[in-house]
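The values are calculated or read from the model by the stated rules, or taken from the named source; none is laboratory data. Here the structure is a predicted model, which is why all the values come from computation and not from measurement. Counting neighbours? That spans all protein chains shown, and the Cβs are built from the backbone with ideal geometry, glycine included.
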């Protein structure tokens, strides 16, 4: 942890997410959507003399073995670094009668040499609900990993997202093979909405 940001690992449990700070502190949130603010609130209680309201909180959810890959870096962004010209893919999702748009940005190289693929889920008023990024060794790895992880990441936020009458987002989902050295995915296209 440095003076303006904190890295957090989010681990799913029955009542939400356990948020483990890189510095060793632990707190919890009901959803990942609330995780950044919960970490700031936690820091305000442990360090009341510091204003954490402007801190950047990087949350990396543990979603299957792929998150143990040292090449996979994820983060949250308060403002997604993606203009309309840089959006390379869109998907409309629905949840409880509300419509959302998933935006995937063009991967770009950051100052560390990693390629960043930004993505955001916005509501019907274009307000970002989730703004995150995934990094890779090159633009292909960043984009491919984003597409592979989105199914699990969106399901972690809500199992209620649906695509075109399907009971899922149309993105691949992690398949637990029971072997920690094997990562497998399946594409749930044949799951019609009830």
Open item on the list: Could you go through region 155-177 and let me know if any residue there is in a loop (DSSP other than H, G, I, E, B), closer than 13 Å to residue 119 by Cβ, modelled with pLDDT of 80 or more and in contact with a helix residue (DSSP H, G or I) (Cβ under 8 Å, 6 or more places away or on another chain).
Closed with: yes
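Restricting attention to region 135-144, does a residue exist that is assigned by TED's automatic domain parsing to the domain that holds residue 87, assigned to a strand (DSSP E or B) and closer than 28 Å to residue 85 by Cβ?
Quick first cut of region 135-144, residues assigned by TED's automatic domain parsing to the domain that holds residue 87 only: 135-144.
Pick out the ones that are also assigned to a strand (DSSP E or B) and you get 135-136.
Still in the running and closer than 28 Å to residue 85 by Cβ: 135-136.
Taking every residue of region 135-144 in turn, at least one turns out to be assigned by TED's automatic domain parsing to the domain that holds residue 87, assigned to a strand (DSSP E or B) and closer than 28 Å to residue 85 by Cβ.
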TODO: Say whether the condition of being outside the structural domain of residue 56 (by TED's automatic domain parsing) and more than 23 Å from residue 87 (Cα to Cα) is met by at least one residue in region 98-106.
DONE: no
- [ ] Please give the number of the condition residue 3 fails out of (1) over 28 Å from residue 179 (Cβ atoms); (2) at pLDDT 70 or above.
- [x] (2)
